[in-house]
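Down below is the structure, laid out as structure tokens.
The values are calculated or read from the model by the stated rules, or taken from the named source; none is laboratory data. Quick caveat, the model's predicted, so the values are computed rather than measured. Note: ideal-geometry Cβ built from the backbone for every residue, glycine included; neighbour counts use all protein chains shown. Ligands, DNA and RNA are excluded from the accessible area calculation, which covers all protein heavy atoms including side chains. Shrake-Rupley method; radii C 1.70, N 1.55, O 1.52, S 1.80 Å.
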Amino acid sequence: MRARRVRGKFGVSIDSLSRARGTAMTQSAEQEPKGVKHIVIVGGGFAGLHCARKVAADPNVRVTLLDKNNYQQFQPLLYQVATALLAPSNIAFNLRVALKSYPNVDIKMTEVVSVDLKSRTVQTSHGERYQGDFLVLAAGAQANFFDTPGAEQYSYPLYSLHDAERLRSRLLAMLESADRDQTLIEKGALNFVIVGAGPTGTETAGAFADLVHGWKKKQGHARIYQDLSFGQAQIFLVDGGHAVLSAFSPSAQAYAAKKLAGRGVQIRLGTRVKEAGSGHVTLSDGTRIPTHTVIWAGGLKASSLSSNLGIQTGHGGRIDVQGDLTVPGLTGVYALGDFANIAGEDGQPLPQLGSVAEQSGKWCARNIQLDIAGKPRVPFQYLDKGIMAMIGRNAAVAEVGKNRHELEGAVAFAAWLGVHAALLTSTHAKIEAFMEWAWAYFGGSLEAVILDRPEELQVDWNDQDEVKAPNN
Ligand SMILES: Cc1cc2nc3c(=O)[nH]c(=O)nc-3n(C[C@H](O)[C@H](O)[C@H](O)COP(=O)(O)OP(=O)(O)OC[C@H]3O[C@@H](n4cnc5c(N)ncnc54)[C@H](O)[C@@H]3O)c2cc1C
């Protein structure tokens with residue numbers, strides 16, 4: 001029986017026989033109307049979304065954006081969802097809405113499982129194939145547990161909306177458990193261990209400390225957990241390095257450490273997590289902390305797709321790209337954002353930052369346009385606007401611009417709020433975020449938050465033995 005071909009949107013030829021049989025179907029660049037170029041983008045995060053928007057401004061391209069979620073998540077604010085300062089809807093944005101002004105962008109919610117780089121064809125977990133004149137790989141990052149025994153099984157990474165919601169539920173589950181049975185405090189119900197003192201770990205530690213501080217101050221009718229003694233809560237920030245916020249200046253590091261310590265955070269530097277179990281962590285100095293909430297902010301590697309590319313990847317499983325963001329030895333293949341090692345001016349890879357991802361996305365779109373026009377591509381130039389981290393209420397550090405002009409305290413706190421609100425995708429989200437921040441600033445807290453994942457209450461309070469490394 002011969003396959004019948006049908007014409008879809010933009011004249012795309014679809015193999016209707018394959019569709020009828022429910023087998024894999026290929027959307028191929030060869031089937032485009034004359035002059036129309038097909039661009040396949042994997043990942044609708046900072047990099048993929050900005051690339052799609054810019055490249056789709058040209059009506060002579062057709063973009064297929066593939067993402068395993070139907071939303072873009074704003075990772076810098078995940079810790080605020082985990083600590084119930086913001087709602088998930090404040091930091092995640094429907095991709096279809098974000099791209100609704102671009103009729104030449106087609107979004108498919110599906111996971112890409114493998115890639116044939118030579119033919120620029122990707123295959124999804126549902127069996128479809130998409131082939132483009134250009135392929136843009138922007139699949140982001142995932143937690144790197146560095147083979148720490150028990151870490152993947154027992155800790156709470158903080159790299160996705162799902163992670164943040166799960167952690168929030170675990171936090172609430174610990175409060176409910178300790179309120180119900182105070183002997184569980186001895187078993188670590190109110191011990192929170194944060195692994196990694198980079199921006200994510202530091203911001204999370206500060207937010208947990210502010211929460212505990214807020215609860216401690218509440219008395220009488222304002223107390224919502226009648227039987228909980230928040231004085232017994234302990235927050236640990238553990239890092240193998242020798243400074244909090246190692247990417248910042250020594251004075252910003254000292255400021256952050258002082259502010260965290262002042263909020264009761266116990267900082268353990270020069271100390272690694274050796275092993276995590278069902279009810280404890282063991283540190284490299286031999287300390288064993290009873291806990292059921294280990295938050296993993298200890299490192300990143302490229303998302304799992306990077307191991308199915310059939311090429312040698314670089315540091316962190318990321319693709320080492322050329323100056324123009326293309327993948328060496330291939331035609332029309334780009335890698336961006338957290339999925340790529342992009343060299344900065346000094347030849348060292350740029351950090352995994354939203355600004356690097358966003359700028360690389362836009363630059364890639366520009367180079368694709370140059371490719372289409374038959375002109376030479378332009379090497380990527382990163383505009384360094386600086387770095388900032390929130391420590392907690394009225395406390396933040398910022399190093400502005402390439403020359404790193406330093407700000408601390410309330411000024412940096414206000415700058416942090418302004419910059420992060422401005423980066424949110426919609427006006428609605430910006431207004432809502434400001435309202436929530438104002439509410440929290442003037443004393444509101446997670447009182448109204450519901451525990452909607454009861455599975456987080458299922459805790460093994462009788463701690464198991466140490467988890468052994470695989471080859472021990
Ligand atoms: C907790 C946290 C805090 C941060 N704070 C800051 C900060 O304050 N400032 C800053 O500049 N940066 C910050 N960052 C870094 C910043 O968020 C990232 O650098 C940025 O999100 C990278 O963008 P990206 O587009 O490369 O990846 P992402 O934004 O992660 O997007 C990747 C997309 O790919 C999709 N995807 C992955 N695999 C597949 C697949 N196989 N198939 C289909 N889709 C797939 C994902 O669903 C996701 O939508 C933070 C990161 C984290 C985790």
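For residue 83, the criteria (1) within 29 Å of residue 156 (Cα to Cα); (2) free of Cβ contacts under 8 Å to residues at least 24 places away in the same chain hold in every case but one, which is (2).
The criterion of at least 1 residues that are in contact with a Pro (Cβ under 8 Å, 6 or more places away or on another chain), away from the ligand (no atom under 16 Å from the Cβ) and in contact (Cβ under 8 Å) with a residue 60 or more places away in the chain is met, among strands (runs of 3 or more DSSP E) falling completely within segment 269-370, by 273-276, 280-283. Kindly establish whether residue 129 is within 24 Å of the chain's Cα centre (by Cα) and among the charged types (D, E, K, R). So residue 129 does not fit the description; no. Considered as a group, the residues in segment 122-162 that are assigned to a helix (DSSP H, G or I) and open to solvent by less than 20 Å² (accessible area, probe 1.4 Å) include one that is nearest to residue 40 (Cα to Cα), and that residue is 161. Taking residue 237, is it under 15 Å from residue 392 (Cα atoms), surrounded by 18 or more Cβ atoms within 10 Å (Cβ to Cβ) and within 16 Å of the ligand (Cβ to nearest atom)? Judged against the criteria, residue 237 is a match. Taking each residue of segment 399-420 that is touching a residue at least 12 places away in the same chain (Cβ under 8 Å) and looking for partners that are open to solvent by 30 Å² or more (accessible area, probe 1.4 Å) and of a type in the set (Lys, Arg) with beta-carbon atoms closer than 7 Å, six or more apart or interchain, yields 401/385.
In segment 240-255 there is at least one residue matching the filter, namely being among the small types (Gly, Ala, Ser) and either in a strand (DSSP E or B) or open to solvent by less than 10 Å² (accessible area, probe 1.4 Å) (or both).
Residue-by-condition table, conditions (1) open to solvent by 40 Å² or more (accessible area, probe 1.4 Å); (2) aliphatic (A, V, I, L, M):
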| residue | (1), (2) |
| --- | --- |
| 339 | no, no |
| 350 | no, yes |
| 357 | no, yes |
| 364 | no, no |
| 367 | no, no |
| 375 | yes, no |
| 381 | yes, no |
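Take residue 71 and decide whether it is among the aromatic types (Phe, Trp, Tyr), open to solvent by 40 Å² or more (accessible area, probe 1.4 Å) and within 15 Å of the ligand (Cβ to nearest atom). Judged against the criteria, residue 71 is a match.
The single residue among 77, 66, 135, 117 that is touching a helix residue (DSSP H, G or I) at 6+ places or on another chain (Cβ under 8 Å) and either at pLDDT below 95 or of a type in the set (A, V, I, L, M) (or both) turns out to be 77. In segment 432-450, what residues are of a type in the set (A, V, I, L, M, F, W, C), in a helix (DSSP H, G or I) and either farther than 23 Å from residue 45 by Cβ or at pLDDT below 70 (or both)? Across segment 432-450, the qualifying residues are 434, 435, 437, 438, 439, 440, 446, 448.
Filter segment 50-64 for residues that are of a type outside the set (A, V, I, L, M) and more than 13 Å from the ligand (Cβ to nearest atom); which is least open to solvent (accessible area, probe 1.4 Å)? Reasoning before the result, please.
The first filter runs over segment 50-64 and keeps only residues of a type outside the set (A, V, I, L, M), leaving 50-51, 53-54, 58-60, 62, 64.
Going one step further and asking which of them are more than 13 Å from the ligand (Cβ to nearest atom), we end up with 54, 58-60, 62.
Numbers: 54: 86, 58: 41, 59: 101, 60: 86, 62: 9 Å².
Result: 62.
Can you find, within segment 21-49, the residue that is farthest from the ligand (Cβ to nearest atom) among those that are at pLDDT 70 or above and at positive phi? For segment 21-49, the residue satisfying everything is 35. When residue 385 is tested against the conditions (1) open to solvent by 60 Å² or more (accessible area, probe 1.4 Å); (2) of a type in the set (D, E, K, R); (3) more than 12 Å from the ligand (Cβ to nearest atom), the lone failure is (3). Looking at the structure I just gave you, is residue 52 modelled with pLDDT under 95 and either of a type in the set (Gly, Ala, Ser) or farther than 23 Å from residue 380 by Cβ (or both)? Judged against the criteria, residue 52 is not a match.
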